[in-house]
1. What is the number of the single condition among (1) within 19 Å of Glu76 (Cβ to Cβ); (2) exposed (fewer than 15 other Cβ atoms within 10 Å of the Cβ) that Gln43 does not meet?
2. Could you go through region 36-58 and let me know if any residue there is at negative phi, in contact with a strand residue (DSSP E or B) (Cβ under 8 Å, 6 or more places away or on another chain) and either β-branched (Val, Ile, Thr) or at pLDDT 75 or above (or both).
3. Hey, among Gly89, Gly135, Gly102, Gly72, which residue is more than 24 Å from Arg7 (Cα to Cα) and either touching a Leu at 6+ places or on another chain (Cβ under 7 Å) or at pLDDT 95 or above (or both)?
4. Answer with yes or no whether Gly84 is modelled with pLDDT of 80 or more, within 23 Å of the chain's Cα centre (by Cα) and small (Gly, Ala, Ser).
Amino acid sequence: MSDKEPRGPDPIDIHVGRRIRDRRRALEISQERLAEGIGVTFQQVQKYEKGANRVSASKLWQTAGVLQTDIGHFFEGLKASSPGFAEAGADFVHDLMSTSEGQQLAALCPRIRRERVRRQVLALIKSLVDEEAEG
């Protein structure tokens with residue numbers, strides 16, 4: 001990187017931070033509780049979630065434990081062939097999980113056991129989106 005190029009958070013750090021935030025929110029864990037669980041301040045958790053500060057391997061390990069997931073979860077959606085750039089679907093997932101409605105859908109849909117009912121729910125959502133797009 002040349003001296004003239006602006007420096008900012010690495011795209012991988014941003015991605016990992018988003019995945020931490022999304023998982024924390026899905027489990028309804030506060031930044032304060034996560035911070036306490038991994039031995040940092042909640043401000044540090046904020047920086048991790050924004051990608052402003054990198055998460056060390058040991059803190060990522062501890063974070064996975066508090067958030068009841070494996071470390072690989074934080075890297076899902078990254079292309080191995082293009083380090084630093086998330087797959088196209090990653091932004092969509094982030095957008096969905098950044099809303100309370102999206103988190104509720106993500107939590108509730110897997111609890112619908114019958115495939116036919118899940119398809120009906122999806123059809124309803126599609127029809128509502130189409131109706132809204134028509135004006």
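The values are calculated or read from the model by the stated rules, or taken from the named source; none is laboratory data. Predicted, not measured: the structure shown is a model, and the values here were computed from it. FYI the Cβ positions are ideal-geometry reconstructions off the backbone, even for glycines, and counts take in every protein chain you see.
1. Of the numbered conditions (1) within 19 Å of Glu76 (Cβ to Cβ); (2) exposed (fewer than 15 other Cβ atoms within 10 Å of the Cβ), the odd one out for Gln43 is (1).
2. Among the residues of region 36-58, not one is at negative phi, in contact with a strand residue (DSSP E or B) (Cβ under 8 Å, 6 or more places away or on another chain) and either β-branched (Val, Ile, Thr) or at pLDDT 75 or above (or both), which makes the answer no.
3. Matching residue, one of Gly89, Gly135, Gly102, Gly72: Gly102.
4. Considered against the rule, which asks whether it is modelled with pLDDT of 80 or more, within 23 Å of the chain's Cα centre (by Cα) and small (Gly, Ala, Ser), Gly84 comes out as no.
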